[in-house]
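Worksheet for the structure shown next.
The values are calculated or read from the model by the stated rules, or taken from the named source; none is laboratory data. Keep in mind that this is a model prediction, so the values were computed, not measured. Glycine also receives a Cβ, built like all others from the backbone with ideal geometry; neighbour counts cover every protein chain displayed. With ligands, DNA and RNA removed, areas are computed over all heavy atoms of the protein, side chains included. Shrake-Rupley method; radii C 1.70, N 1.55, O 1.52, S 1.80 Å.
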Amino acid sequence: MRVERINNCTLYLGDCRAILQSIDLPQDIGCVFDPPYGYGHKSKTGVHAVCGAAPWQGAEILNDKDTSVRDWVVNWWASRGPMACFASWKRPLDSKLARARLTWCKGPQCGQGDFRLPWKDSCEDIFIIGAPWKGRRDESDIRGPAQVTWASKGRQHPHQKPGWLARYLMERMPVSTIIDPCAGSGWSGVEAIKLGRSWIGCEADQTYFDIALNNLRAAQRQPGLFEMSPLRASDKD
């Protein structure tokens with residue numbers, strides 16, 4: 001198991017199920033979890049005339065054959081603290097485990113789905129698990145700045161979420177440490193750094209582990225650089 005420590009961030013290379021059972025976690029911790037959705041997704045979009053082919057074109061996501069990673073982590077987490085877990089309507093989370101379901105509305109510029117249909121998927125589910133949580137009471141639909149979808153514009157992972165979304169969730173967790181069992185490109189770690197919180201991440205894919213490590217190092221050098229968070233109606237004075 002490879003471990004890299006960058007100031008108050010720790011990144012592990014390996015299967016999160018083995019790692020989580022072998023490390024000591026602080027009690028003051030929350031989880032942002034974007035696991036494989038469990039239906040063997042492959043990017044099938046043709047080469048775009050402007051952006052070209054993404055490096056993940058036709059590639060499979062590790063452990064995406066089923067929801068075993070997601071379900072193991074959610075059950076292991078149990079009552080350890082607040083968790084925001086992303087999931088797909090195709091493989092929904094057991095409603096007995098969730099306290100609420102949020103919907104990230106990505107807008108018309110994102111989403112693909114079945115090209116034979118006159119609609120496309122432009123939203124994703126986020127299941128709220130555990131406690132405590134803080135913040136003003138708000139609606140369950142989350143909207144914000146447009147998601148960057150092209151690799152040529154900086155996207156590093158086929159399922160990478162926007163940074164503002166990680167911050168939106170973390171800001172509602174009254175904890176000092178964030179853990180991400182499927183770190184991907186390290187998107188949640190970068191945002192934890194900007195919020196001044198400690199972060200622990202696990203990534204099983206060597207390629208994305210290296211990408212996440214570079215992103216964490218860059219964020220530690222320039223922690224104040226970030227895009228604006230979305231302004232919600234309930235945030236206005």
Between Leu97 and Gln21, how many nm apart are label points set 7 Å from Cα along the C-beta direction? 1.6 nm
If R0 = 30 Å, then Asn214 and Ser68, at their Cβ-Cβ distance, give a FRET efficiency to the nearest 0.05 of 0.55
Estimated dipole of segment 172-211 in Debye, rounded to 20 [Cβ of Lys and Arg +1, of Asp and Glu -1, Cα centre]: 300 debye
Filter on Lys65/Lys96; Lys90/Lys134; Lys120/Lys194; Lys96/Lys194; Lys65/Lys194 - keep pairs with C-alpha separation over 26 Å: Lys90/Lys134; Lys120/Lys194; Lys96/Lys194; Lys65/Lys194
Among 96-103, 212-219, how do they line up from the highest to the lowest mean number of other beta-carbon atoms within 10 Å? 212-219, 96-103
Accessible heavy-atom area order of Asp125, Asp205, highest first, probe of 1.4 Å: Asp205, Asp125
